[in-house]
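J.: To start, I am sharing the structure in question, which I have written as structure tokens.
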Amino acid sequence: MKKIALFAFNGESMCFVHVLLNALDMRSKGYEVRVVIEGAATKLIPELAASGSALSQLYQKAKEKGLFEGACKACSTKMGTLDAAKGEGLPLLDEMSGHPSIARYLEAGYGVLIF
């Protein structure tokens, strides 16, 4: 199986839409997809969860398909969205000094794309 990890760092909602669209598209084509919310993108977590937001519908589809690996604990804390991440049930990733490790995905055979 083809495996890909999408690391979303950019905090612009227009960029995050592309993460969601690509994750859903890759999944529909048989990829094992994991989305990691990192950096400034963690500030979007409340918007993702807000019904009626531009991102909400795509986010819900991706969430229902189990595509989210989680959110960076350190960045969620810094951006003030730690409680929102917890409320969404997003695992908090922190194995690398409070941040998720990209090397872990490479070692597990994932290709990594950074947005």
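Values quoted throughout were computed directly from the atomic coordinates according to the rules given, and no laboratory measurement underlies them. Since we're looking at a predicted model, the values are computed, not measured. Methodologically, a virtual Cβ is constructed for each residue, glycine included, from the backbone with ideal geometry; neighbour enumeration extends over all protein chains shown.
J.: From (1) touching a residue at least 40 places away in the same chain (Cβ under 8 Å); (2) not in a helix (DSSP H, G or I), pick out the condition that doesn't hold for Leu48.
T.: Only one criterion in (1) touching a residue at least 40 places away in the same chain (Cβ under 8 Å); (2) not in a helix (DSSP H, G or I) is unmet by Leu48, namely (2).
J.: Take Lys29 and tell me if it is surrounded by fewer than 13 Cβ atoms within 10 Å (Cβ to Cβ) and basic (Lys, Arg).
T.: So Lys29 passes the test.
Results for (1) aliphatic (A, V, I, L, M); (2) surrounded by 14 or more Cβ atoms within 10 Å (Cβ to Cβ), shown as yes or no for each residue.
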residue: Leu6; (1), (2): yes, yes
residue: Ile45; (1), (2): yes, yes
residue: Phe68; (1), (2): no, yes
residue: Thr81; (1), (2): no, yes
residue: Glu88; (1), (2): no, yes
residue: Glu95; (1), (2): no, no
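J.: In addition: Can you find, within segment 66-95, the residue that is farthest from the chain's Cα centre (by Cα) among those that are in contact (Cβ under 8 Å) with a residue 24 or more places away in the chain and assigned to a strand (DSSP E or B)?
T.: Leu93
J.: Given the condition among the polar types (S, T, N, Q), closer than 20 Å to Ile114 by Cα, surrounded by fewer than 15 Cβ atoms within 10 Å (Cβ to Cβ) and over 14 Å from the mean Cα position of the chain (by Cα), answer yes or no: does some residue in segment 54-65 qualify?
T.: No: segment 54-65 contains no residue that is among the polar types (S, T, N, Q), closer than 20 Å to Ile114 by Cα, surrounded by fewer than 15 Cβ atoms within 10 Å (Cβ to Cβ) and over 14 Å from the mean Cα position of the chain (by Cα).
J.: Look at segment 29-45 and say how many of its residues are in a loop (DSSP other than H, G, I, E, B) and either in contact with a strand residue (DSSP E or B) (Cβ under 9 Å, 6 or more places away or on another chain) or among the hydroxyl-bearing types (Ser, Thr, Tyr) (or both).
T.: Of the residues in that region, 2 qualify.
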